[in-house]
Amino acid sequence: MKKARIVGMGSYLPEKVLTNQDFEQMIDTSDEWITSRTGIKERRIAEGESTADLGTAAARLALKNARVEATAVDLVLVATMTPDYISSSTAALIQHRIGAKHAGAFDLQAACTGFLYALATAKAYIESGMYQTVLVVAAEKMSTYVDYQDRGTSILFGDGASAAVVRNHGSGLAIDNVCLGSDGEYVDLVIIPGGGVKNPTTHDTIDAKLHYFKMDGKEVFKHAVRRMSAAARESLKKAGLVESDVSWLVPHQANMRIMDAIAKGFSIPHDRMYKTVHKYGNTSASSVPIALDELITQHQVKKGERILLVAFGAGLTWGASILTKVED
């Protein structure tokens, strides 16, 4: 049995750019303050586009690059914490728009770790023999849930989408393993409190700004570094690898301080940690696949080279995955 592998990817970023200089006109902050704490210089903002719009654009590019017809897709998985609707699923919207007539579709919510959770799900479906082609889409419109008066969180997030075609054959990136974790004890550290059945939408929840993204940055930093580092080591151990076997590290693009802290704990050279955070900010579930797509587009990943993915998000959730370049 062949391993599931990514045979094509595609990403989509909205046109509007929100710079640090723009924030200087909006809140009490500066380019120097933002850059020194996050490494972010700008981020993309979707105007007049929904999460399904972003995901559809990325999905079409991924199918084109994989040279796979939409009618060959068996399942559409969408990782998002910003769905178009509570019901129906964003996956169903994308499935219809791309013409995947024979595919099932559902959303998966694991916040910023969503792509890795979806990748693990796709791998399981394919390697069980149930499906041959799964389209994984990670799409987020975080700007909808950002309070642009909150200096601590508003500067972090951008919008974007990326997609991967996962099959049981073909050249691409074999998914060697995916290691996942979660801890609901710390759910309040990263949360959008309003809008669900716990705090349904009322005038009071709106006035209290419960429908905006809330985060305890200092506590999240500590958990993010520890959990991602542990997941990465677990993934390497399960693959029978050591750090020097890894050619590229693609971390969740949360902020540069977190990424640097993770890199310091590994022997992977700093120039082999792929970064997009400076130009896109944190795009939640889509941050890892956007960076991965850009890496394989701009750098020639050779046969046998390995890529380590790591991510962390609300939940708390975290995960890591080893990908190996294969030719079929």
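When Val78 is tested against (1) in contact (Cβ under 8 Å) with a residue 40 or more places away in the chain; (2) within 25 Å of Thr276 (Cα to Cα); (3) part of a helix (DSSP H, G or I), just one condition goes unmet, and that condition is (3). Please give the number of the condition Val242 fails out of (1) over 26 Å from Leu135 (Cβ atoms); (2) in contact (Cβ under 8 Å) with a residue 60 or more places away in the chain. Going through (1) over 26 Å from Leu135 (Cβ atoms); (2) in contact (Cβ under 8 Å) with a residue 60 or more places away in the chain one by one, Val242 breaks only (2). Within segment 205-252, being in a helix (DSSP H, G or I), over 28 Å from Pro83 (Cα atoms) and in contact with a Leu (Cβ under 8 Å, 6 or more places away or on another chain) holds for Ala232, Ser235, Leu236, Glu243, Asp245. For beta carbons closer than 8 Å, sequence separation of 6+ or different chains, a first residue in segment 29-49 that is among the small types (Gly, Ala, Ser) and a second that is open to solvent by 20 Å² or more (accessible area, probe 1.4 Å) and part of a loop (DSSP other than H, G, I, E, B), the qualifying pairs are Gly39/Asn255; Gly39/Lys275. Sub-7 Å Cβ pairs linking a first residue in segment 82-105 that is touching a residue at least 40 places away in the same chain (Cβ under 8 Å) and assigned to a loop (DSSP other than H, G, I, E, B) to a second residue that is of a type in the set (Asp, Glu) and surrounded by 21 or more Cβ atoms within 10 Å (Cβ to Cβ), at least 6 apart or interchain, are Thr82/Glu140, ordered by first then second residue.
Hey, can you tell me all the residues within segment 288-318 that are of a type outside the set (Ser, Thr, Tyr) and in a strand (DSSP E or B)? The answer is Arg306, Ile307, Leu308, Leu309, Val310, Ala311, Phe312, Gly313, Trp318.
Kindly provide the set of residues from segment 217-252 that are polar (S, T, N, Q) and open to solvent by 40 Å² or more (accessible area, probe 1.4 Å), ordered by number. Once the filter is applied, which keeps residues that are polar (S, T, N, Q) and open to solvent by 40 Å² or more (accessible area, probe 1.4 Å), segment 217-252 yields only Ser244. Among the residues of segment 30-77, those that are polar (S, T, N, Q) and open to solvent by 20 Å² or more (accessible area, probe 1.4 Å) comprise Ser30, Thr35, Ser36, Ser50, Asn65, Thr71. Would you mind stating whether Ser267 is free of Cβ contacts under 8 Å to residues at least 40 places away in the same chain, open to solvent by 80 Å² or more (accessible area, probe 1.4 Å) and either of a type outside the set (A, V, I, L, M, F, W, C) or in contact with a Pro (Cβ under 8 Å, 6 or more places away or on another chain) (or both)? Against the criterion (free of Cβ contacts under 8 Å to residues at least 40 places away in the same chain, open to solvent by 80 Å² or more (accessible area, probe 1.4 Å) and either of a type outside the set (A, V, I, L, M, F, W, C) or in contact with a Pro (Cβ under 8 Å, 6 or more places away or on another chain) (or both)), Ser267 does not qualify. Checked against the criteria, Ser143 counts as buried (at least 19 other Cβ atoms within 10 Å of the Cβ) and over 16 Å from Ile6 (Cβ atoms).
The number of residues in segment 1-22 being over 24 Å from the mean Cα position of the chain (by Cα) and either modelled with pLDDT of 95 or more or acidic (Asp, Glu) (or both) comes to 2. Contact map, segment 1-18: residues that are assigned to a strand (DSSP E or B) paired with residues that are among the basic types (Lys, Arg) and surrounded by fewer than 23 Cβ atoms within 10 Å (Cβ to Cβ), Cβ distance under 8 Å, separation 6+ or inter-chain. Pairs shown: Gly8/Lys64; Gly8/Arg67; Gly10/Arg60; Gly10/Lys64; Lys16/Arg44; Val17/Arg44; Leu18/Arg44. Taken together, the residues in segment 131-172 that are within 19 Å of Ser286 (Cα to Cα) and among the charged types (D, E, K, R) amount to 3.
The values are calculated or read from the model by the stated rules, or taken from the named source; none is laboratory data. Everything quoted here is computed from the prediction, not taken from an experiment. Please note: Cβ atoms are built from the backbone with ideal geometry, for glycine as well, and neighbour counts cover all protein chains shown. Only protein heavy atoms, including side chains, enter the accessible area calculation; ligands, DNA and RNA are left aside. Shrake-Rupley method; radii C 1.70, N 1.55, O 1.52, S 1.80 Å.
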